[in-house]
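Engineer: Okay, here's the structure, questions in a sec.
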Amino acid sequence: MEPLAVAVGGDHAGFPLKAPIIEFLRSQGHSVEDCGSYDPAPVDFPDITRAVGERVRDGRAARGILVCGTGVGACIAANKMAGIRASVCHDVYSAHQSVEHDDVNVACIGAQVIGLKAAEDCLSAFLAARFSTAEEFRRRVAKLAEMERAAGQR
């Protein structure tokens, strides 16, 4: 697997799993920027999501990883950001297929749903995956970008 720059963030519910994930990613050779939270005090997940998403969108990170209670809230917030395509990734197949078919650049996981070993397997698959060169997937992702542009014009 090629080492990547990865932005990682988690809210208070994701806080217990975030540090072990960062340690694992670094052990795999990835450079990791910790975007918070830095303690278990309550924090609003959209704020952490914004920090991770901005780093992915502006190229400081190739991929982002968000850890909250279920992964769902972070995924919703990330998909509100232009240029971000996020998916909840609680199984290896979805983790790599979301990148290969949908060009997902942010994986969201739930600390209350998935354990560390499963998270490691999912994130390894997510980070190793590459967007397909197949025309059908490129066409569909282009349509998503058009939907995003149209929504921004309202």
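Engineer: Which members of the stretch 115-130 meet the condition of being surrounded by 15 or more Cβ atoms within 10 Å (Cβ to Cβ) and either touching a residue at least 60 places away in the same chain (Cβ under 8 Å) or part of a strand (DSSP E or B) (or both)?
Structural biologist: Answer for the stretch 115-130, where residues must be surrounded by 15 or more Cβ atoms within 10 Å (Cβ to Cβ) and either touching a residue at least 60 places away in the same chain (Cβ under 8 Å) or part of a strand (DSSP E or B) (or both): Ala119, Glu120, Leu123, Ser124, Phe126, Leu127.
Engineer: Next up: Does Leu144 satisfy the criteria of being within 12 Å of the chain's Cα centre (by Cα) and either of a type outside the set (Asp, Glu) or surrounded by fewer than 15 Cβ atoms within 10 Å (Cβ to Cβ) (or both)?
Structural biologist: no
Engineer: Quick check, is Ala62 within 16 Å of His30 (Cβ to Cβ) and either modelled with pLDDT under 95 or surrounded by fewer than 22 Cβ atoms within 10 Å (Cβ to Cβ) (or both)?
Structural biologist: yes
Engineer: A further question on this structure: Out of the residues in the stretch 74-102 meeting the condition of being touching a Gly at 6+ places or on another chain (Cβ under 9 Å) and in a helix (DSSP H, G or I), tell me which one is surrounded by the fewest Cβ atoms within 10 Å (Cβ to Cβ).
Structural biologist: Ala77
Engineer: Here's another thing I want to ask about it. Quick check on my filter: what residues within the stretch 27-57 are within 16 Å of the chain's Cα centre (by Cα) and surrounded by fewer than 14 Cβ atoms within 10 Å (Cβ to Cβ)?
Structural biologist: Ser31 - this is the single residue of the stretch 27-57 that is within 16 Å of the chain's Cα centre (by Cα) and surrounded by fewer than 14 Cβ atoms within 10 Å (Cβ to Cβ).
Engineer: Regarding Pro16, is this residue out of contact with any Ser or Thr (no Cβ under 6 Å at 6 or more places or on another chain), outside any loop (DSSP other than H, G, I, E, B) and in contact (Cβ under 8 Å) with a residue 60 or more places away in the chain?
Structural biologist: So Pro16 passes the test.
Engineer: Can you tell which of Arg63, Arg26 is under 22 Å from Ala118 (Cα atoms) and free of Cβ contacts under 8 Å to residues at least 12 places away in the same chain?
Structural biologist: Among Arg63, Arg26, only Arg26 is under 22 Å from Ala118 (Cα atoms) and free of Cβ contacts under 8 Å to residues at least 12 places away in the same chain.
The values are calculated or read from the model by the stated rules, or taken from the named source; none is laboratory data. Keep in mind that what you see is a predicted model, and the values were worked out from it rather than measured. Positions of Cβ are generated from backbone atoms using ideal geometry, with glycine treated the same way; all protein chains shown enter the neighbour counts.
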